[in-house]
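Below you'll find the structure, written out as structure tokens, and then a few comments.
The values are calculated or read from the model by the stated rules, or taken from the named source; none is laboratory data. Note that the structure is a prediction, hence the values are computed from the model and not measured.
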Amino acid sequence: MPTNQHSQPNRYTGGGGQPTNAEQNYTALYYGNDHGSISFGHIHETANVTSSVLLQAHDGRHSITLDRSGNRKGWTQMTAPGNISLSCGYDNKEAQDSLAIHAENGNILITATNGKIRMQGTDIELVAVGEGTGKGNIRLNASQNIVCEAQDFLVKANSTYRLMTSGSAEVIASGVLTIYGGMCKGVTDACAVKDTWNSLQRTQKKYNNT
């Protein structure tokens with residue numbers, strides 16, 4: 001039986017004709033009270049998205065919606081004015097995968113607008129598997145410092161590694177400092193005016209403009 005919700009099948013109330021992107025339906029259902037509600041076919045306030053299922057608490061910001069049309073077709077959105085907590089794996093073993101977040105295509109974004117992002121585990125593994133020079137990369141960008149503290153810090157590069165700064169650089173070892181290479185080359189800006197017998201000016205120009 002039609003209810004009051006069906007008397008306004010769309011969200012558009014302006015004059016001059018209905019826009020083409022305004023959603024409408026005649027089968028929406030709503031059940032709720034002062035504590036919360038569940039609705040089927042709810043049209044969002046922007047009028048261009050319909051929710052298949054909308055579960056809403058007393059606070060409208062506390063909700064889960066399964067959208068079916070518009071620019072959010074196939075989206076599942078969960079919002080909360082407080083915390084969201086996920087807990088699992090109580091009956092699993094350490095080696096099992098207890099929580100999986102998988103995106104078949106597209107990016108995964110984790111953002112803390114006004115807070116920190118913390119990851120903790122017995123081990124943390126970062127693996128990039130993209131092919132080609134444009135993929136398979138791990139990038140760390142910080143507006144200030146990147147600080148690494150560990151018992152041992154090991155870096156292995158199969159081809160090339162580079163440490164570069166436009167300021168000052170220091171290599172300090174309180175114990176023994178070992179530098180080994182098939183050939184060691186040391187170059188300063190002194191050769192910028194007059195080249196050396198082994199043409200170190202080429203190396204000076206290469207890195208002075210980097």
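Filtering the stretch 36-63 to residues that are outside any loop (DSSP other than H, G, I, E, B), small (Gly, Ala, Ser) and under 19 Å from residue 81 (Cα atoms) leaves 36, 37, 57, 63.
In the stretch 64-93, the residue that is farthest from residue 26 (Cα to Cα) out of those that are of a type in the set (S, T, N, Q) and not in a strand (DSSP E or B) is 92.
Only residues that are of a type in the set (Asp, Glu), within 28 Å of residue 94 (Cα to Cα) and under 26 Å from the mean Cα position of the chain (by Cα) were counted in the stretch 110-167, giving 3.
The set of residues in the stretch 150-208 being under 30 Å from residue 124 (Cα atoms), of a type in the set (Val, Ile, Thr) and at pLDDT below 90 consists of 165 alone.
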